[in-house]
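First up is the structure itself, then whatever we jot down about it.
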Amino acid sequence: MSVNKLIGKIFLYLLILTIPEGGVISMAYGLDNNKGSNRLRFEKSPYLLQHADNPIDWYAWSEEAFQKAVEEDKPIFLSIGYSTCHWCHVMEHESFEDEEVAKLMNEVFVSIKVDREERPDIDNIYMTVCQMMRGNCGWPLTIIMTAEGKPFFSDTYIPKERRFGRYGMMELIPEIERVWKSDREKIVKTAESVTTSLQQISGSSPGGELEKSILKRAYDQLEERFDREKGGFGRAPKFPTPHNLLFLLGYWNDTGDKEALEMVESTLQAMRRGGIYDHIGFGFHRYSTDSDWLTPHFEKMLYDQALIAMACTSAFQATGKEEYKETAKEIFTYVLRDMTDEKGGFYSAEDADSEGEEGKFYVWTKEEIEKVLTEKEADMIVRLYHIESEGNFHDEATGRKSGTNILHLKKSLQDLAAERGGKERAEIIESARKKLFDIREKRVHPYKDDKILTDWNGLMIAALAGAGQAFDEPVYTEAAGKAAAFILKDMRDSSGRLLHRHREGSSEIMGTVDDYAFFIWGLINLYEGTFDTAWLKTALDLNRDLIKYFHDDKEGGFYFTADDGEKLLTRQKEIYDSAVPSGNSVAMLNLLRLSRMTGDHDLDKRASRIGSAFSGSVNRVASAHTFLMTALDFGFGPSYEVVITGDPEGEDTKEMIRALRRQFAPNKVVLFRPSNEETPMIIDIANFVKYQAPVNGKATAYVCLNYACKSPTNEIDKMLEALNIRKVNR
């Protein structure tokens, strides 16, 4: 199909489209040919800096760029990606570094580069456009639009020249120029149609209050897609999507449905055994390109580490199986070792590529293994991790075996350790792993995106604080606290509002709903992990800002951007739980937890309105909103409020708290009232606790279920009985 016909087809499609229900201003520096760099060299984003030496006259998203498009009567070429995106690197090397392509782009377009992680507000809008126009999108995201930001063309990766039916930049650019000059009316009409359609689907989809039956519908949809042989959901590629597992654990806890727990366990075990897990340095790669969890896309994202660690922590609490605890701890080992700034914040990602090859840092030849290890170690590693002479990693271009291997297991290390001679075997495996790790550290490392994002840090803070409780590991709680303190000190503006991105000592870009919701989640978990009331007070303060600047008072729910933020093509409201949960889903759970902790029922009402605001789209595909299902499960109940009171240094108090934290009881909140303070700070936040004092001078638990309170007890067993803790029946 010719480019002209393709564009015409898009025009025609968009003109008849019917929709179902539903910055930072850069400095004015031009292209510097002497230095071979462009304006992007003045940016902080690692992704933009990667393009600073392109011969293209790139702009960051700025008023300057849009004004230039108006003055020169040019369309805008918007390219969105992120620093660890494999195909973003490919397109840069093939097209954006090419002098011929750059010459055409500089003549025809005003070109803008956007880091999707730095500006998720912009990315969300134009990704929605691409999905409307094409139905299947990813990054790099290519948008061509008018000087008003109204799009009329979209695509993803575009090669320099045509191949395999895919048009190239050398064809596309002249054709866009021709249509821009000769048929502007059609372009304007298309752009207006796209913009109108976008605005129709960017808000809520109210459809009445959601019913509890939606939880069963979400479960049934996940069960239908579940791969019973290999774990996970659907076929290749397979993504971790840990919030699916968190929802299923909650569903099992409510219903006792063994199949729900089985889906969680088989998925976590398959992921941990597979090549998607880094068996040498720990942590999970982004996703598996096959259905066997063998061949990963090798980049590592902070949010994946956080969410998978949460799922493993909850699975450990639910089942008592050490393998889930060990997996979570290994994830944290990786994050605290390789992804933590000296000030406490967490870096964003590590690339899939090194030395121009995807996965080169992580794969091994059989000869390398045998050279590094003793004969006994090598024999065991080759056998257990399925190392082959010809390799098990297939070359992407040819489909042939590359001679290198991705380490993976058929049995878990815990199962292997339980077999005869398991202890000695475990010691040999660990000795070999350390040797391989030390050798691997000498290789060229993948690029590390060292920007610190408030939202992703919020997820890791929540994960660490939760694991600190479940595993009784103060080091995790301390790391969570250090990261939170860093954000509160260095990632807020002068009025105390959150900023989105920090890098090289500079924090910029107004926070989004995700920044607030995810960070508040982390602060609530930190309070429950430390009972330091300051964390809870800060969570409530930020929650007030969230409501003030983001809440839709008319229909309910939260906009992605603040009401005083940059005016973009549309102001979106997100509810879909994709690679990370939506800000609205997390905000709903936060509101419910804070309502129970404080007795502020206005928060409960706002939480309920989130469900109503999006019920139309949620009812259509319940399983696409699994974190929202987790929040709804809390709202529908049963949910519990637990107040423990006693001497903070008393052993009876500590043991009662430890016993509570070991349990899987997701729909609960926990407050602590120290008995050694006459007027503890918690009373200012939760006035009702002032009446809850120790009984018989001992640590005492007050448990309330669905707005009805049980008798206070000094006995741990009675406290747990009141919480209806579900036990695993094997």
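Just so you know, all these numbers are worked out from the coordinates, no wet-lab data involved. The shown structure was predicted, so the numbers you read here are calculated from the model rather than taken from an experiment. Methodologically, a virtual Cβ is constructed for each residue, glycine included, from the backbone with ideal geometry; neighbour enumeration extends over all protein chains shown.
If packing is taken as the average number of other Cβ atoms within 10 Å across a peptide's residues, how do 503-510, 269-276 rank, most packed first? Don't skip to the end; give the middle numbers.
Working: 503-510: 15.4, 269-276: 24.5.
Those peptides, ordered most packed to least, come out 269-276, 503-510.
Can you sort LYS434, LYS238 by how many other beta carbons sit within 10 Å, fewest first? It would help to have the intermediate numbers written out before the result.
Working: LYS434 11, LYS238 25.
Ordered from fewest to most neighbouring Cβ atoms within 10 Å, LYS434, LYS238 come out as LYS434, LYS238.
Short version: ³J(HN,Hα) in whole Hz for each residue of the range 709-715, in order, from phi by Karplus 6.51 cos²θ - 1.76 cosθ + 1.60 (θ = phi - 60°), x for Gly and Pro, what are they?
Listing the rounded values in order: 9, 7, 5, x, 9, 8, 9 Hz.
Starting from the Kirkwood Rh over alpha-carbon pairs, what translational D in µm² s⁻¹ does the range 201-281 have by Stokes-Einstein at 10 °C and 1.306 mPa s?
Working: Rh = 14.2 Å.
My calculation gives 112 µm²/s for D.
For the peptides 224-230, 574-580, 621-627, what is the packing order when you average, over each peptide's residues, the other Cβ atoms within 10 Å and list the highest mean first? Show your work: numbers first, answer last.
Values: 224-230: 14.3, 574-580: 19.1, 621-627: 20.9.
Going from most to least packed, we get 621-627, 574-580, 224-230.
For labels at ASP183 and MET681 in the simple 7 Å Cα→Cβ model, what's the distance in nm?
Here the answer is 6.6 nm between the modelled labels.
For the range 640-722, what class follows from the C-alpha gyration tensor (a ≥ b ≥ c being the square roots of its eigenvalues): rounded when a/c is under 1.5, otherwise prolate if a/b is larger than b/c, else oblate?
Numbers: a/c = 1.56, a/b = 1.17, b/c = 1.34.
Verdict is oblate for the range 640-722.
Please report, in debye to the nearest 20, how large the charge dipole of the chain is about its Cα centre when each Lys and Arg carries +1 at its beta carbon and each Asp and Glu carries -1 there. Write down the numbers at each step before the final one.
Working: 93 positive and 118 negative charges, 280 e Å.
Roughly 1340 debye for the chain.
Enumerate cysteines in the chain without a disulfide-compatible partner, where compatibility requires another Cys Cβ under 4.7 angstrom.
So, CYS312.
Rounded, prolate or oblate: which one fits the chain, using the alpha carbon gyration tensor with axes a ≥ b ≥ c (rounded when a/c is under 1.5, else prolate when a/b beats b/c, else oblate)?
oblate
Which far-off residues, 5 or more places away or on another chain, put their amide H under 5 Å from the one on TRP139, with H placed in the peptide plane?
none
State the extension gain, in nm to one decimal, for the chain segment bounded by GLN67 and GLU655, taking 0.36 nm per residue of separation less the distance between their alpha-carbons.
Extending this stretch completely gives an extra 205.2 nm.
For a Förster distance of 30 Å, can you work out the FRET efficiency between the beta-carbons of LYS727 and ASN696, rounded to the nearest 0.05? Could you put the intermediate results ahead of the total?
Details: r = 29 Å, r/R0 = 0.96.
Approximately 0.55, to the nearest 0.05.
Can you bin the range 429-477 into rounded, prolate or oblate? Criterion: square roots of the alpha carbon gyration tensor eigenvalues sorted a ≥ b ≥ c, rounded for a/c under 1.5, prolate for a/b above b/c, oblate for the rest. Working shown, then result.
Numbers: a/c = 4.56, a/b = 1.37, b/c = 3.34.
The shape class here is oblate.
Normalising by the residue count of the range 577-638, find the relative contact order in percent from Cα pairs under 8 Å and 6+ residues apart. Could the numbers behind the result be given before it?
Numbers: 53 pairs, mean separation 29.1, N = 62.
This gives 47 percent for the range 577-638.
Please list, in order along the range 112-117, the HN-Hα scalar couplings obtained from phi with the Karplus expression 6.51 cos²θ - 1.76 cosθ + 1.60 (θ = phi - 60°), rounded to whole Hz, x for Gly and Pro.
Once θ is set to phi - 60°, the couplings for the range 112-117 become 10, 9, 10, 8, 4, 7 Hz.
Pulled fully out, how much extra length does the chain show between ASP541 and LYS411, if you take 0.36 nm times their separation in residues and subtract their Cα-Cα distance? Present the calculation step by step, with values, prior to reporting the outcome.
Values: separation 130, 0.36 × 130 = 46.80 nm, distance 4.77 nm.
Going from the current span to full extension adds 42.0 nm.
Using the Karplus curve 6.51 cos²θ - 1.76 cosθ + 1.60 with θ = phi - 60°, work out ³J(HN,Hα) for each residue of the range 151-159 in order, rounded to whole Hz, and write x for Gly and Pro.
Along the range 151-159, the couplings run x, 10, 8, 8, 6, 10, 5, 10, x Hz.
Once label points are set 7 Å from the Cα along Cα→Cβ at both ARG134 and GLU355, what is their separation, rounded to one decimal in nm?
Taking the simple label geometry, ARG134 and GLU355 are separated by 3.2 nm.
Collect residues whose amide H, placed 1.01 Å from N in the peptide plane, falls under 5 Å from the amide H of ASP290; neighbours closer than 5 in sequence don't count.
Those qualifying (amide H under 5 Å, at least 5 residues apart or on another chain) are LYS238, THR295.
Please compare each pair in LYS321/LYS727; LYS74/LYS567; LYS360/LYS423; LYS300/LYS329; LYS186/LYS573; LYS212/LYS548 to a cut-off of 24 Å on the Cα-Cα distance and tell me which ones are over it.
Values: LYS321/LYS727 13 Å; LYS74/LYS567 21 Å; LYS360/LYS423 32 Å; LYS300/LYS329 16 Å; LYS186/LYS573 30 Å; LYS212/LYS548 29 Å.
Exceeds cut-off: LYS360/LYS423; LYS186/LYS573; LYS212/LYS548.
If I model a spin label at GLU441 and ASP379 as a point 7 Å from the Cα along the Cα→Cβ vector, what separation in nanometres do I get?
Once both label points are built, they end up 2.9 nm from each other.
Could you compute how fast the range 224-357 diffuses translationally, taking Rh as the Kirkwood radius over C-alpha pairs and applying Stokes-Einstein at 25 °C with viscosity 0.890 mPa s? Give it in µm² per second. Please list the in-between numbers first.
Values: Rh = 15.1 Å.
My calculation gives 162 µm²/s for D.
Amide H neighbours of PHE346 under 5 Å, at least 5 residues apart or on other chains, H built in the peptide plane: list them.
Excluding prolines and chain starts, which carry no amide H, the hits are ASP341.
Be a star and scan the range 363-387 for residues whose amide nitrogen sits under 11 Å from the point 7 Å along the Cα-to-Cβ vector of GLU419.
Flagged as within label range: 383-385.
Which peptide among 119-130, 633-644 comes first, and what is the full order, when sorted by highest mean count of other Cβ atoms within 10 Å?
Averaged packing, sorted descending, gives the order 119-130, 633-644.
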